[in-house]
Amino acid sequence: QVQLVESGGGLVQAGGSLRLSCAASGRTVNSYAMAWFRQAPGKERELLAAISWDGYYTYYADSVKGRFTISRDNAKNAVYLQMNSLKPEDTALYYCTAGNSVALAKAGLGNFWGQGTQVTVSS
């Protein structure tokens, strides 16, 4: 069993930056694709970014392309989401997930999910 714990969220002004971390425990996630999602109140869950198990493939949603960067450190069993140029519309609960493939992780069909970390961007 894998436990995922997100951290790094908080309150930031528009234009600011945050770096989210997703730490895995219980078992290594080195062989899993990873993805970040977010969900704002009253809205559907939104895929933001995904990364292959080896880090060679990355995907970004149009809404965050050029502003967010996904990365992973398999030695630390962790995945990160660097978020720059934050906007008020980025306010949401941010989740990470681990999946058997990039396709499954992107589809929201990951094997494991974290509890989320809140990001609030003030205007």
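The values are calculated or read from the model by the stated rules, or taken from the named source; none is laboratory data. What you see is a predicted model, and the numbers here were worked out from it, not measured in a lab. Glycine also receives a Cβ, built like all others from the backbone with ideal geometry; neighbour counts cover every protein chain displayed. These area figures cover heavy atoms from the full protein model, side chains too; ligands, DNA and RNA do not enter into them. Shrake-Rupley method; radii C 1.70, N 1.55, O 1.52, S 1.80 Å.
Summary table
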{"read-out": "Unmet requirement for K76, which otherwise passes all of (1) in contact (Cβ under 8 Å) with a residue 60 or more places away in the chain; (2) in a loop (DSSP other than H, G, I, E, B)", "value": "(1)"}
{"read-out": "Cβ-Cβ under 9 Å pairs, at least 6 apart or on other chains, the range 39-51 side closer than 13 Å to C96 by Cβ and open to solvent by 60 Å² or more (accessible area, probe 1.4 Å), far side among the small types (G, A, S) and in a loop (DSSP other than H, G, I, E, B)", "value": "Q39/G116; R45/G108"}
{"read-out": "Counted residues, the range 5-18 - those being surrounded by 13 or more Cβ atoms within 10 Å (Cβ to Cβ), outside any loop (DSSP other than H, G, I, E, B) and hydrophobic (A, V, I, L, M, F, W, C)", "value": "3"}
{"read-out": "Flag if R19 is under 13 Å from the mean Cα position of the chain (by Cα) and within 20 Å of S123 (Cα to Cα)", "value": "yes"}
{"read-out": "Selection count where residues are open to solvent by 20 Å² or more (accessible area, probe 1.4 Å) and closer than 26 Å to S85 by Cβ, scope the range 19-35", "value": "3"}
